[in-house]
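Visitor: Take a look at this one; I'll ask things after.
Bear in mind that the values in this text are calculations on the coordinates, not laboratory data. It should be emphasised that the depicted structure is a prediction, and the values quoted were computed from it without experimental measurement. Ideal geometry is used to build each Cβ from the backbone, glycine not excepted, and the neighbour counts take in all protein chains shown.
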Amino acid sequence: MARISDLLAVGRTFSFEFFPPKNDAAQLSLGRTIAELEGLNPAFVSVTYGAGGSTRERTRDLLVWMRKETTISPMAHLTCVGHTRADINTILGTYRSAGIENILALGGDPPSDPADVGPSDYAYALDLVEHLCQDEGFSIGVAAHPEGHPRSTSRAQDRRFLAEKLRRADFAITQFFFEAEHYLRMIDELAALGVTKPIIPGIMPVTNGGQVQRMAELSGAVFPAWLARRLDGVEDADEVRRIGVEVATTLCADLLAAGAPGLHFYTLNRSTATREIYANLGLPVS
Ligand code: FAD
């Protein structure tokens, strides 16, 4: 198993994100997806965490299972919302004993009803990063938002807060975006603030136009008009995926050519689109 900071120090990382399955059928389907993606030799895979701890046990169980039963290095997402320092110490203790060495420290989205979650000892992801830094065992990642975080008052201010996180954390993974210029502008703006830590672009291949457009609206990513036009009126699911894979392949190739330190694929717990992009890019598989 490996710390992501060590992997990034020696080369590019190609990695995948999963969310914890909600029921037995989803669990079986995810097991198949993981088996299909294991052959792509991911540097690591990450598992999302419901803000406020809503998926706490399911996230933990999936991470511990992957650590024991597969050859893949897992990374745990962890959020500030609804967590005290004592909660976080308990979760970290579980991960430490399971041999999980990588944590993505996140703000988490505030719940629609604050009564749904308990009090938090952390206002921002930076506070969680500072807590995690007290434990040398973990390699720590943070979230980056190429087009600015939706709650930010300005992109410049969002970059300053991101730069602050990256002075302590080892690396960042970005929110998804559809045009390389957003990522490249962020790298330039961070470089101007003295940040040189690796920032891995997050890639969301479009496999369902409506779903991805809704996710883009929530995350602050622009769904470009040219992509909406290409998908307009396309009903066949295979054709939607073909277009999504073609567009994502071009984006990945542009990002790698521009020097990105890796690619992190939002798989939505499916393997086909990611495998097709791998094949298009000529990335090695076993
Ligand atoms: P922060 O860094 O805390 O930033 C949140 C906002 O506060 C930003 O607008 C920032 O500019 C601002 N800010 C930061 N510091 C300060 C300060 N000192 N003063 C004033 N304002 C400040 N969510 C989940 O719930 N579970 C997940 O598993 C999950 N995984 C994700 C994975 C990735 C790769 C990404 C990119 C996002 C993920 N998210 C997840 C979503 C994320 O939690 C939300 O986008 C959240 O709203 C912000 O998270 P953050 O870590 O960027 O927060």
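Visitor: Can you pull the one-decimal nm distance between simple spin-label points at Leu281 and Gln27, each 7 Å off the Cα toward Cβ?
Guide: The two pseudo-label positions are separated by 3.2 nm.
Visitor: May I pose another question? Given the alpha-carbon gyration tensor of the chain, what are the semi-axes of its equivalent ellipsoid in whole angstrom, ordered largest first, with each equal to the square root of 5 times an eigenvalue?
Guide: 27, 23, 20
Visitor: For segment 4-281, what's the relative contact order in percent, using C-alpha pairs closer than 8 Å and at least 6 residues apart? Mind dumping the intermediate values first?
Guide: Numbers: 472 pairs, mean separation 54.7, N = 278.
Relative CO of segment 4-281 lands at 20 percent.
Visitor: Going through segment 204-286, which GluC sites (Glu not before Pro) have at most 15 other Cβ atoms within 10 Å and a DSSP loop state?
Guide: Glu235
Visitor: Moving on to the next point. Please express the Cα-Cα pair-distance distribution P(r) of segment 97-249 as a list of whole percents, one per 5 Å bin, running from 0 to the bin with the greatest distance.
Guide: With a bin width of 5 Å, the distribution comes to 2, 8, 16, 17, 16, 15, 12, 8, 4, 1, 0.
Visitor: If the viscosity is 0.890 mPa s and the temperature 25 °C, what Stokes-Einstein diffusion coefficient in µm²/s follows for segment 43-107 when Rh is the Kirkwood radius over Cα pairs?
Guide: In µm²/s, the coefficient is 209.
Visitor: Can I ask one more? What does the highest-first list of 87-94, 205-212 look like by mean Cβ count within 10 Å? Write down the numbers at each step before the final one.
Guide: Working: 87-94: 15.8, 205-212: 18.5.
The packing order, highest mean first, is 205-212, 87-94.
Visitor: Now for a different question. I want the antiparallel fraction of DSSP beta bridges within the chain, as a percent rounded to 5.
Guide: On the way: 0 of 30 bridges.
Once the DSSP bridges in the chain are tallied, antiparallel ones form about 0 percent.
Visitor: Can you bin every Cα-Cα distance in segment 165-229 into 5 Å intervals starting at zero and give me the percent of pairs per bin, rounded to whole numbers?
Guide: Once binned at 5 Å, the Cα pair distances of segment 165-229 give 4, 15, 25, 21, 15, 10, 7, 2, 0.
Visitor: Using the Kyte-Doolittle scale, which helices in the chain average at least -0.5 and also have C-alpha atoms spread 27 Å or more along the helix axis, with helices defined as whole DSSP H runs?
Guide: 237-257
Visitor: To continue, here is another question. Do you know the relative contact order of segment 180-286, to the nearest whole percent, from alpha carbon pairs under 8 angstrom that are 6+ apart?
Guide: Rounded, it is 37 percent for segment 180-286.
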